[in-house]
Amino acid sequence: MVVAFTAGSVRLFLYPTLDRPDRVDAIVALGGVPGGLARALALSRAGYASTLVVSTPGNGCPPGAQAGAGVRVICFWPQPVTTQGEGREVRLLAARDGWRKVIVVARRTQATRARLRVDRCFPGDVLLAAPSMPARDLPYNLAYEWGALVKALLLQRTC
């Protein structure tokens with residue numbers, strides 16, 4: 001059981017499936033991701049999307065959310081303030097703006113669950129990117145992600 005738990009943790013949270021960046025309709029930076037906004041800004045400045053979407057638990061955009069010339073920035077407060085709420089907002093924005101493909105920037109440990117949540121809400125293609133993560137954050141994030149993934153798989157099976 002210990003071997004299965006360890007192997008699952010490594011596969012799902014330490015080395016999740018991440019995608020090579022590609023041209024998309026929008027880049028979505030999930031809230032609370034250390035380095036996430038910087039990674040999303042770098043992707044938008046590299047020309048992968050002309051729209052940058054930032055999830056922020058508050059009013060307005062966070063400082064430093066200026067993407068540069070030709071990039072539209074949309075900041076939103078998800079309801080609920082969870083990855084599920086962020087997936088729902090992506091669905092609404094995509095329906096409004098006609099998006100068919102997005103890059104979601106999540107914590108490495110959150111990537112598997114973020115893909116699951118956004119895939120349930122957004123009918124288009126979802127690519128995942130993640131900034132590097134300090135090793136000191138791993139114990140808490142691994143414990144949190146196991147619980148959140150079980151909740152998403154068993155209790156909250158819809159968008």
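Every read-out reported here was derived from the displayed coordinates using simple, explicitly stated rules and does not represent laboratory data. This is a predicted model, so every value here is computed, not measured. Using ideal geometry, Cβ is built from the backbone for each residue, glycine included, and neighbour counts are taken over all protein chains shown.
Taken over the range 105-123, the residue count meeting the criterion of being over 17 Å from Thr17 (Cα atoms) and in contact with a Phe, Trp or Tyr (Cβ under 6 Å, 6 or more places away or on another chain) is 0. Checking each residue in the range 134-157 for being over 23 Å from Gly35 (Cα atoms) and crowded, with 18+ Cβ neighbours inside 10 Å picks out only Ala152.
Contact map, the range 72-87: residues that are free of Cβ contacts under 8 Å to residues at least 60 places away in the same chain and closer than 14 Å to Val28 by Cα paired with residues that are surrounded by fewer than 16 Cβ atoms within 10 Å (Cβ to Cβ) and of a type outside the set (Gly, Ala, Ser), Cβ distance under 8 Å, separation 6+ or inter-chain. Pairs shown: Val73/Gln66; Cys75/Pro62; Trp77/Pro57; Trp77/Asn59; Pro78/Pro57; Gly85/Gln79. Checked against the criterion of being touching a strand residue (DSSP E or B) at 6+ places or on another chain (Cβ under 8 Å) and either not in a strand (DSSP E or B) or not charged (D, E, K, R) (or both), the candidates Pro57, Pro62, Pro123, Pro80 yield just one match: Pro62. Say whether the condition of being loosely packed, with under 13 Cβ neighbours inside 10 Å and out of contact with any helix residue (DSSP H, G or I) (no Cβ under 9 Å at 6 or more places or on another chain) is met by at least one residue in the range 110-133. Checking the range 110-133: not a single residue is loosely packed, with under 13 Cβ neighbours inside 10 Å and out of contact with any helix residue (DSSP H, G or I) (no Cβ under 9 Å at 6 or more places or on another chain).
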